1. Any idea which of (1) assigned by TED's automatic domain parsing to the domain that holds residue 238; (2) at pLDDT 95 or above; (3) over 17 Å from the mean Cα position of the chain (by Cα) is the one residue 35 doesn't satisfy?
2. Taking the options 79, 61, name whichever one is over 23 Å from residue 10 (Cα atoms) and either in the same structural domain as residue 240 (by TED's automatic domain parsing) or exposed (fewer than 14 other Cβ atoms within 10 Å of the Cβ) (or both).
3. For the subset of segment 82-99 comprising residues that are modelled with pLDDT of 90 or more and over 18 Å from residue 214 (Cα atoms), which member is surrounded by the most Cβ atoms within 10 Å (Cβ to Cβ)?
4. Only one residue in 151, 128, 147, 158 is without any contact (Cβ under 8 Å) to a residue 24 or more places away in the chain and surrounded by 14 or more Cβ atoms within 10 Å (Cβ to Cβ). Which one?
5. Which one of these is touching a helix residue (DSSP H, G or I) at 6+ places or on another chain (Cβ under 8 Å) and closer than 30 Å to residue 235 by Cα: 78, 24?
6. Taking the condition of being without any contact (Cβ under 8 Å) to a residue 12 or more places away in the chain and under 21 Å from residue 132 (Cα atoms), how many residues in segment 161-194 meet it?
């Protein structure tokens, strides 16, 4: 059911996030602090039901309206965390976004040590489709490992391994890109995404990861986007990804 259906209700904190004002966790704090009004009355319950298309929501006296949908690609640098704020005061991906953008949220995550394509949007339903396991959207990674890869290791990556915790991890495909005397660059394609999927899978095989770079999500390629820079998806890119989600 689309967001514009008049019968659709969401919690007040979630509504603030969907309207692009702030993250859901920040919305909880604003609501409990009495800074949010719903149809003229202060509401302190973050789960108070809201119909976004019909109800009037204000924060600190300012009425909120839904911003235009934004779809971004960021070339995430290594060492940056994929969160809005960090209790350890580490640099977050939001340091690399333009200040005039509406609130956007990452579509999935890249861990701190990983880099490359990270999508961000204020369209939460679109993000959910991108992340849905049943879409089996291909994600392509270039991975430098601290080993000279052999055929057996490549076969094991594609065949899959079971971690000590009992999680089965596999790649859709794996191949050698180039090798040296002490390390190898692999191309690994995933059509599912578990937490630290590649690192845990390779660790189970006794392989250390030196660098991990995501170069594509579905038909979207990193291309020449400089590290630490973001850009809006073109209409053609957005259509291409939407088509991939429907297949």
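The values are calculated or read from the model by the stated rules, or taken from the named source; none is laboratory data. What you see is a predicted model; the values in this text were computed from it and never measured. In this analysis, Cβ positions are derived from the backbone assuming ideal geometry, glycine residues included, and neighbour counts consider all displayed protein chains.
1. The single condition residue 35 does not satisfy is (1).
2. After applying the criteria, what remains is 79.
3. Of everything passing the filter in segment 82-99, 94 is surrounded by the most Cβ atoms within 10 Å (Cβ to Cβ).
4. Every option except 158 fails the conditions.
5. 24
6. Number satisfying all stated conditions: 1.
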